[in-house]
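**Student:** Supplied in structure tokens, the structure appears directly below.
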């Protein structure tokens, strides 16, 4: 996988994990078993977390906007939170104000397409991509 994309994906996944853990802990709910279970839960659509971050539950995902870290993610078919799309990576990169070396969402999408063709990423069949396990192990 392209090293720029790998750094962006790893940072995004870590931020999603932190924010989702905070959301679950503060609101007291279990991780959903599926994207449909998330969409059908009774969590308030909008709210605020203890650090002032605002969350917005949408369809199969959630956006969490904070002063220092913002993420927008969708759940995978089995409730996974490690999937990503070019749009969510781009929004994260812009919000983080870090230079990941991409000038546009289209550049990220092209890097994702190349990485998927190389076998480093797997397409879900919907909108999400996942890092192949062998690739994830090499990054460790």
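Bear in mind these aren't lab numbers, they're just calculated from the coordinates by the rules spelled out. The model shown is predicted, which means the values in this text are computed figures rather than measured ones.
**Student:** Expressed in nm to one decimal, what extension gain is obtained for the pair residue 104 and residue 77 from 0.36 nm per residue of sequence separation less their Cα-Cα distance?
**Tutor:** Once the chain is fully extended between residue 104 and residue 77, it gains 6.9 nm.
**Student:** Now a separate question. For region 8-60, what is the largest minus smallest coordinate of the Cα atoms on each principal axis, given in angstrom and ordered from greatest to least?
**Tutor:** 30, 25, 17
**Student:** What 222 nm value per residue comes from the helices of the chain, counting each DSSP H run with n ≥ 4 as -39,500 (n - 2.57) and dividing by all residues, nearest 500 deg cm²/dmol?
**Tutor:** After summing the helix terms and dividing by residue count, I get -13500 deg cm²/dmol.
**Student:** For the chain, take the longest principal axis of its alpha carbons; what is the angle in degrees between that and the long axis of helix 105-117, to the nearest 10 within 0 to 90?
**Tutor:** 70 degrees
**Student:** Let me check against my output: what whole-number percent is the relative contact order of region 3-139, with C-alpha pairs under 8 Å and at least 6 apart?
**Tutor:** Taking the mean separation of contacting Cα pairs over the length of region 3-139, I get 21 percent.
**Student:** Show log10 I(q)/I(0) for region 5-140 at q = 0.16, 0.17 Å⁻¹, two decimals, from a solvent-free Debye sum over equal Cα scatterers.
**Tutor:** Values, matching the q order: -0.83, -0.93.
**Student:** Related question: Using only the alpha-carbon atoms, how far is helix 86-96 inclined from the longest principal axis of the chain? Give it as 0 to 90 degrees, nearest 10.
**Tutor:** Between helix and principal axis, roughly 70 degrees.
**Student:** To continue, here is another question. Taking the 0 to 90 degree range and rounding to the nearest ten, how far is the long axis of helix 3-27 tilted relative to the main principal axis of the chain, both from C-alpha atoms?
**Tutor:** 10 degrees
**Student:** Provide Rg and Dmax in Å for region 71-140, with only Cα atoms included in the calculation.
**Tutor:** That works out to 12.2, 32 Å for Rg and Dmax.
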